[in-house]
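The values are calculated or read from the model by the stated rules, or taken from the named source; none is laboratory data. Predicted model, so just to flag it, every value in this text is computed and none were measured. Note: ideal-geometry Cβ built from the backbone for every residue, glycine included; neighbour counts use all protein chains shown.
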Amino acid sequence: MKVSAQEEYGLRCLLQLARLGAGEALTLGQIAEREGISQANAGKVLWLLNKARLVNSTRGTKGGYQLSRPAAEIRLSEIIKVLDEGEVDGHCKTYPGVLDSCVHTGDCGIRSVIVNVHEAVERALSAITLAQLIGDERTVDTTLHQIRGLRPSTVTAEGAQ
């Protein structure tokens, strides 16, 4: 599975908001600076997340962004659905070769594999909340190991696998 830049930036922006205390907010500029991304990229993902009611935005000098509900109630599957640029249904239309549509549209063994992989990822992401991603990498990794169906990673302190 490939994580798009939009998905990565969206998760990173949400984690910044998840770390805030009650009543606190961050401006677009603060989020972008903390994550080392452009305000345009941060603005795009926050607009999508606001539209999907995962974040609230308040205008004005005391304004900014906040999560719309506790991080423990926001599942990664919800976030990815909002930020995902490509749907499984569109896969067959994406790679038709030189024709307008794939020659295997009526009967395709590959489609079944893609759909099943997508469903497995969806189940895994549904088991993880935004709150479970708060902390250092080792803490998050330990938390994820406790979720049924997810196996330990081989990530080292340096981030190499």
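Is there a residue being surrounded by 14 or more Cβ atoms within 10 Å (Cβ to Cβ), touching a residue at least 40 places away in the same chain (Cβ under 8 Å) and closer than 24 Å to V121 by Cβ anywhere in the stretch 52-64?
yes
Within the stretch 36-49, is even one residue modelled with pLDDT of 95 or more, of a type outside the set (D, E), exposed (fewer than 12 other Cβ atoms within 10 Å of the Cβ) and within 24 Å of T129 (Cβ to Cβ)?
No, that holds for no residue.
Out of the stretch 100-141, which residues are among the polar types (S, T, N, Q), closer than 20 Å to S77 by Cβ and assigned to a helix (DSSP H, G or I)?
If the condition is that a residue be among the polar types (S, T, N, Q), closer than 20 Å to S77 by Cβ and assigned to a helix (DSSP H, G or I), then N116, S126, Q132 are the ones that fit.
Restricting attention to the stretch 13-51, report how many residues are of a type in the set (A, V, I, L, M, F, W, C) and more than 21 Å from P70 (Cβ to Cβ).
Total satisfying the criteria: 6.
Check off (1) within 14 Å of the chain's Cα centre (by Cα); (2) closer than 27 Å to G29 by Cβ; (3) modelled with pLDDT of 80 or more for E137 and give me the number that stays unchecked.
(1)
Just to verify a result, which residue in the stretch 119-130, among those that are in contact with a helix residue (DSSP H, G or I) (Cβ under 7 Å, 6 or more places away or on another chain) and surrounded by fewer than 16 Cβ atoms within 10 Å (Cβ to Cβ), is modelled with the highest pLDDT?
Of everything passing the filter in the stretch 119-130, S126 is modelled with the highest pLDDT.
Going residue by residue through the stretch 61-78, is there one that turns out to be more than 28 Å from T143 (Cα to Cα), charged (D, E, K, R) and outside any loop (DSSP other than H, G, I, E, B)?
Taking every residue of the stretch 61-78 in turn, none turns out to be more than 28 Å from T143 (Cα to Cα), charged (D, E, K, R) and outside any loop (DSSP other than H, G, I, E, B).
Considering each residue of the stretch 73-87, count those that are out of contact with any Asp or Glu (no Cβ under 7 Å at 6 or more places or on another chain) and either modelled with pLDDT of 95 or more or buried (at least 16 other Cβ atoms within 10 Å of the Cβ) (or both), and give that number.
Qualifying residue count, the stretch 73-87: 7.
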